[in-house]
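Below is one structure, written out as structure tokens; the observations come after it.
The values are calculated or read from the model by the stated rules, or taken from the named source; none is laboratory data. All values reported here derive from a predicted model rather than from experimental measurement. We place every Cβ from the backbone using ideal geometry, glycine too, and count neighbours over all the protein chains shown. Just the protein is used for accessible areas: all its heavy atoms, side chains included, with ligands, DNA and RNA removed. Shrake-Rupley method; radii C 1.70, N 1.55, O 1.52, S 1.80 Å.
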Amino acid sequence: MLFVRRPVGRLLLAVLLLLSPLRLLAVTVHGTVTDPVGRPIPGALVALIQNGKVVTNNHTNPDGTYQLSTSTSGQFYILAAGISFRQLATSGFYAGVFDSIEQDVVLAPDWVRQSIVVTATGIPAPQAQVSASVSTISKMDFINRALMVDPLRQVPGLDVVQTGQRGGLASVFIRGGNSDSNKVLLDGIPVEDIGGRFDLSTVSSTGIAGVEAYRGPNSVLYGSDAAAGVIAFSTPRGSTSFPSLMYEGDTGNFGTYRNELQLGGTHRRFDYYGGISDFQTKNSIPMDEYHNITSVANLGFALTGATSIRLTARNADVATGLPGAYSFYRYANDGKQSDQDIFLSGTIDHNFSDNWHGLVRYGMARKREESEQWYPAGNQIGDNYYGNFVRITGANGYMVSGQAILNYGGIYPYTIDSVSNRDNLYAQTDYSISPHLTVLGGFRFEDERGAENEWVYGFSETLERANYDYMAAINGDWKQRLFYSFGGGIQKNQLYGTRGTPRIGLSYYPVRPGKGKFHGTKLNFNFAQGVKEPTIDDQFGSLYNFLLSNGGQSTVSQFGISPIGAEDSRSYDGGVEQSFFNERVVLHATYFHNQFNNQIEYVGANEIPQLFPNLSPEQQQQLEAFLNQEGAFALTVNSLAFRAQGIESQIEYGVARNIFIRAGYTYLDTQVQHSFSSDAVAPSYNPDFPGIPIGNDSPLRGARVFRRPPHLAFAGVSYTSKQFTIVGTGAFASRSDDSTFLGGQDLNFGNSLLIPNRNLDSSYEKLDLAASYNVNSWLGIYAQGDNLLSQQHIGPIGYPSLPFNFRLGIRLSLGHLPKNQ
């Protein structure tokens, strides 16, 4: 027996001796430290941090590689720095026993403000290696902000238009495209309405870690609706080893107050973040109160160092008054809109190896909007209700006066319900064939369900679309000088059928960035096609269906009116980025040329009777009254085509480590090529301006597209120190074309309240200032002042903007904020 046991005992001892070094060195973290264009940085200091303490550190090898080992497991992050490079802390990650984790690090020069972006390639990539125009907005850019409307004004190529004051519909037009031609993402899942419509005024800054704004079509990666651009919001993650709690509370003029509570941290394999806020204001005009209660959660769990599960959730309960175009009536409409938006995402992320990565993500969006009107506000004249007598003056100098219809006679209270639900399943895999070549493939399935109900008239419609997307892309570089991205997507939409969307992106560095007064030249080129599906309203309000149902077959044939279908876009752009003075100053300039075809156009109720020439004038008037009473203020048709080209520029200047200046200018030239208002129905005319054709519901052929100013600019400066933070911003816009949309709305159902479209909307200069002061480690005070010049024509004509407003508040912190806040 002893002879048998001795070899076994020796074998066990040998195994324990072999395993003991592995037990002492349980976790290995390795990777490569490079500059933004991928060149290795030798001698950089790399430290492994756990619970705020350095566990181990090392310097990178001549090829930029490093390796760190420790006997402990848990939550870590990498802190890296190099000579003339800014110190960087990576996102947190979990590493368990015997895990080998790859963490590549990209260090930017001291003065450069560039980030890692995802929207351009589908995988994280430094901005310096991306050809597309992508801007990032960090927490510093919207410090003290309650809502996300104004921060997006600080991006070149973006025109943010808000119809009214806080809570008024806020739309984003990217490089001249329509506001519903943007894909809007939250943690990777689509959150826009079916068909792309998205109201930015519903988005509180609570639970927003940052934003990426991509300019140009990207239906390859994101499918339908990414026809003009992509706006991607992200939620913060907990990073501290103990619970970190922060409270903000402030108050201001116009009955404004806000309270916000955030909590974040980590525990072993688990990281967590939660936030809730309540924002209330009365605004400055009657019947225009705004309420926004937002709650957010982000929970992550690491099964292993290679596999993680993440769940994010966001709920917004929003209510706002609907006073209407107050300047046209001087009488506030009696209406209210309530929105409940629920977004949920669940992601399984897995690294099969250092080179092979995959993820599966489920996304859920539940959006319900209810518009209510309790009684017909206005002065009753006959069967309808009118505003007070007003004088309306356009920025073009034309003036009209009179009373406009505020409400039609009908059944009140009046409610419209709309529902936009989406379930989304997305799978992606990417494989690095070499450090210079990565292939990417993905598949998406969407189940979309929409409904619109007008109960008082017994009107109820529903729709469902099952859609599929397939995509493949190649991203790589040649000698860290030429960077390329090629991709193609196939969208199979239940409504409009199948579309193919290619994309090509190239960047070339004739002179790579480095030290010198004029060192660092990058040339960019991009080509892409995009596609957009119609909205719920577009499908339900189809002019084609209405004509066929009401004896208008001859009109359908005469004008070639087709069923509602896809809207298409095509874009190419080219530009240059130039660095100056050791990369302290970076200049970006891009020329873009976009073509938007088969765009949805709205045909107003006052124009529809023209499409029935066999009706008598009395019958046409009865038809118009019927359409207005039924709420069908406009029907839809794929008839609009326009071109949008221009120049987009931006300059960034790192004055010092704590002072940063950024400014931009965009020139936009749009021209309508086809318009239903020109090609099928006659333009409108105001008898007071004979000879001037006016587009009431949409622009006329040869004119500029509505609400796209030819000149846009922004500027921002920030100063940060241990105790002080000051951020000043400005947004500027020239006059733009628009309509009063009051055709057939005067006392005689005529056009006397129409004004010529050209330069109808005013120019504006919006200046804002934010300041924060840290009294000590746990107490801070802050102030936010908006619209310092108190201009009230920042929105389109008819909608007065909020004059100068301010908020003063305190900030209490226990622990530290989540690191990526």
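With Cα atoms defining each centre, the stretch 436-485 and the stretch 384-433 are spaced 26 Å apart in the structure.
Probe radius 1.4 Å, ligands and nucleic acids ignored: give me the carbon and sulfur share of the accessible area of the chain as a rounded percent. The nonpolar share, carbon plus sulfur, comes to 59 percent.
Ranking 347, 692, 300 by how far each Cα lies toward the positive end of the dipole of the chain (charges on Cβ) leaves 300 at the top.
Rolling a 1.4 Å probe over the heavy atoms of the protein chains gives the stretch 244-306 an accessible area of 40 Å² per residue.
Only Cα pairs under 8 Å and at least 6 apart count here; give the relative contact order of the chain as a rounded whole percent. So the answer I get is 11 percent. When the stretch 524-622 is described by a simple charge dipole with +1 on each Lys and Arg Cβ and -1 on each Asp and Glu Cβ, the residue from 539, 614, 594 located farthest towards its positive end is 594.
If R0 is 35 Å, the Cβ-Cβ spacing of residue 553 and residue 336 corresponds to a FRET efficiency of close to 0.30. Each peptide in 440-453, 679-692 was scored by the mean count of other Cβ atoms within 10 Å over its residues; highest first, the order is 440-453, 679-692. Listed by chain and number, the aspartates and glutamates whose C-alpha is less than 14 Å from the C-alpha of residue 479, apart from same-chain residues fewer than 8 away, are 35.
I need the calculated FRET efficiency for the pair residue 45 and residue 315, taking r as the beta carbon distance and R₀ as 56 Å, to the nearest 0.05. Using R0 = 56 Å, I get an efficiency of 0.85. The peptide list 527-537, 496-506, put in order of mean Cβ contacts within 10 Å with the highest first, becomes 527-537, 496-506.
Each peptide in 177-185, 767-775 was scored by the mean count of other Cβ atoms within 10 Å over its residues; highest first, the order is 177-185, 767-775. One Cα centroid belongs to the stretch 662-685, the other to the stretch 54-119; the line between them spans 50 Å. Working from label points 7 Å from Cα in the Cα-to-Cβ sense, the residue 251 to residue 749 distance is 5.3 nm. Taken about its Cα centre, the stretch 162-243 carries a charge dipole of roughly 200 debye when the Cβ of each Lys and Arg holds +1 and the Cβ of each Asp and Glu holds -1.
Pull up all non-local amide H partners of residue 333: gap of 5 or more, or a different chain, and H-to-H distance under 5 Å with H placed in the peptide plane. Hits under the 5 Å cutoff: 324. Per residue of the chain, the DSSP helices (runs of n ≥ 4 H) give a summed -39500 (n - 2.57) that works out to -2000 deg cm²/dmol at 222 nm. I need the Kirkwood Rh of the stretch 705-796: take the reciprocal of the average 1/r across all distinct C-alpha pairs and report it in angstrom. Over the stretch 705-796, the inverse of the mean reciprocal pair distance is 16.2 Å. Taking every protein chain into account, the accessible area of the stretch 32-159 amounts to 37 square angstrom per residue (probe 1.4 Å). With R₀ fixed at 25 Å, the C-beta to C-beta distance from residue 812 to residue 293 puts the FRET efficiency at about 0.75.
The gain in end-to-end length when the residue 570 to residue 415 segment is fully stretched comes to 51.9 nm, 0.36 nm per residue minus the alpha carbon separation. Decide, for the stretch 309-378, between rounded, prolate and oblate: order the square roots of the alpha carbon gyration tensor eigenvalues as a ≥ b ≥ c, take rounded if a/c falls under 1.5, and otherwise choose prolate if a/b is larger than b/c, else oblate. Prolate shape, in that a/c is at least 1.5 and a/b is the bigger ratio.
As a test of understanding, state the convex hull volume per residue of the chain from its alpha carbons, in Å³.
171
Give the shape of the stretch 166-209 as rounded, prolate or oblate, defined through the alpha-carbon gyration tensor: a ≥ b ≥ c are the square roots of its eigenvalues, a/c under 1.5 means rounded, and otherwise the shape is prolate if a/b is larger than b/c and oblate if not. Oblate, since a/c reaches 1.5 and b/c is not below a/b. Each residue, residue 59 and residue 722, gets one label point 7 Å from its Cα in the Cβ direction; the gap between the two is 2.9 nm.
Classify the stretch 137-292 from the C-alpha gyration tensor, please: rounded if a/c falls under 1.5, else prolate or oblate depending on whether a/b exceeds b/c.
Oblate.
Of all beta bridges that DSSP places with both ends in the chain, some 95 percent have antiparallel geometry.
Could you give the accessible area per residue of the stretch 717-821, probe 1.4 Å, as a whole number in Å²?
Accessible area per residue: 43 Å².
In this label model, residue 364 and residue 492 are separated by 2.6 nm, measuring between points 7 Å along each Cα→Cβ vector.
Just how far, in whole angstrom, is the stretch 219-251 from the stretch 721-776 if you go by their alpha carbon centroids? First find each Cα centre; the distance between them is then 26 Å.
To the nearest ten degrees, helix 2-24 and the longest principal axis of the Cα atoms of the chain are 50 degrees apart.
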